[in-house]
Amino acid sequence: RRVHGGTGLSLLSFFLSSMFALVLACAAASREVVVGVKQRQDGRNELDRLYWEIADITSSRYGQYLTFDEITNLLASSAEDVDIVVNWLSGIGAKNIRLLPSRDTVVAELEDSKGFSNLHISEGIRNSVDFVLRRDPLKQSPLVPRIRTPKSKEHSGLTGQGGLPKQKAAYQLPADLKAGNPSNLQMVWGPGSFGYSREDLSMFYNTYCPLCDDSLVSFDTQHHGTPYQDNFGEGTLDVEYISGMGLGVPTLVSNTNTSSSTEEGNGFGAALLSFMVDLSNRQKNLPFVLSLSLGSLDAWSCDLMCSQVKGFTPQQCSDYLQKQRQVKPPLLSSFPLPFLSCSCHHTHH
């Protein structure tokens with residue numbers, strides 16, 4: 001449609017000036033910088049000692065979990081080291097500099113146009129810093145679907161041998177044992193396409209866990225995953241088994257970074273570190289058990305491995321693998337601890 005006279009020029013000028021202002025705003029966009037200030041080494045040593053003491057059922061300290069403040073007092077960085085980090089960030093133009101409640105991490109905002117080239121850790125501050133993490137704006141790119149499909153319906157892998165019921169039996173857990181403490185909470189975490197399928201979860205419960213309640217499973221982030229991607233399948237399996245083993249325990253599903261680099265590139269470590277910084281500073285919704293699926297084998301790989309083991313029958317090998325999921329009791333209620341394992345995923349498709 002044709003625009004006449006001065007009105008058209010005014011609209012054009014307004015459009016161009018708005019676009020120019022938007023470009024300038026984007027150019028001056030701030031990114032967050034997270035600096036881990038050096039923790040007290042004596043505090044780390046003491047926390048390690050307390051960890052095992054509280055976990056030892058024969059110890060008089062057994063089950064006497066540390067509070068957030070007690071752990072903070074053990075690990076908090078010295079005021080001198082915090083000042084060194086704050087002065088360094090201020091000197092390179094950082095704004096909104098703040099010390100997190102854990103008192104061992106400083107967060108600041110830095111414009112793209114200045115400062116990021118100066119994030120190199122110089123000799124003057126190296127002894128005061130454990131790590132520097134740059135939280136970049138998300139640049140999403142398509143993920144390539146990589147979900148594996150079963151080789152045959154007749155395959156009698158670990159799922160065919162009993163799945164969740166057999167795994168519970170391996171831990172000597174009664175099938176109907178439910179959590180009785182209302183404060184119990186567990187979490188599964190992953191980045192990229194990580195999430196879970198409600199349809200798959202319902203199918204799993206109907207087949208293996210009729211006492212499970214899908215209303216106890218919820219997200220604690222706005223990212224709910226991307227179906228038909230690799231991490232989405234991993235997340236579904238994690239949710240199924242942690243909620244099946246911890247019957248009656250509310251389960252949080254957390255995906256704090258949807259960048260494809262965390263799944264198909266080298267961004268996983270930074271995403272995990274960023275998540276752990278935030279989690280360690282939480283004052284509520286702290287999980288007693290945190291599940292991270294950092295490595296796994298599918299059922300057919302487990303069967304192949306068991307067929308090659310010498311000195312044990314395939315059944316003995318399979319029985320052993322059934323116990324290798326990350327289902328362990330919490331040790332420090334205010335200090336979430338990831339229980340990591342390379343385990344076999346027992347698919348039910």
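Quick note: the coordinates plus some simple rules give every number you see, no bench work behind them. What you are looking at is a predicted structure, and each value in this text was computed from that prediction instead of being measured. Methodologically, a virtual Cβ is constructed for each residue, glycine included, from the backbone with ideal geometry; neighbour enumeration extends over all protein chains shown.
Would you mind computing the Rg to Rh ratio of the stretch 200-265 from its alpha-carbon coordinates, Kirkwood style for Rh? All intermediate terms of the calculation are to be shown ahead of the outcome.
Working: Rg = 12.6 Å, Rh = 12.7 Å.
Using only Cα positions, Rg/Rh for the stretch 200-265 is 1.00.
Over the stretch 180-221, what number does the Rg to Rh ratio reach, with both radii from the alpha-carbon atoms and Rh per Kirkwood? Could you put the intermediate results ahead of the total?
Numbers: Rg = 12.0 Å, Rh = 12.1 Å.
In the stretch 180-221, Rg relative to Rh is 0.99.
All other residues with a Cβ under 12 Å from the Cβ of R61 taken together, and with Lys, Arg as +1 and Asp, Glu as -1, what is their net charge? Let's see the in-between values first.
Numbers: positive: R49; negative: E53, D56.
Its environment carries a net charge of -1.
Taking the Cβ-Cβ separation of I92 and D278 as r and a Förster radius of 25 Å, what is the calculated FRET efficiency to the nearest 0.05?
Details: r = 23 Å, r/R0 = 0.94.
Efficiency, rounded to the nearest 0.05: 0.60.
Find the Rg to Rh ratio for the stretch 218-305, where Rh is the Kirkwood radius over alpha-carbon pairs and Rg uses the same atoms. Display every interim value, and only then the final one.
Values: Rg = 14.2 Å, Rh = 14.6 Å.
Rg/Rh for the stretch 218-305 comes to 0.97.
Between E70 and D130, what is the FRET efficiency for a Förster distance of 30 Å, r being their Cβ-Cβ separation, to the nearest 0.05? Before the final figure, lay out the partial values.
Working: r = 21 Å, r/R0 = 0.69.
Efficiency computed from Cβ-Cβ geometry: 0.90.
If I model a spin label at H120 and A169 as a point 7 Å from the Cα along the Cα→Cβ vector, what separation in nanometres do I get?
6.3 nm
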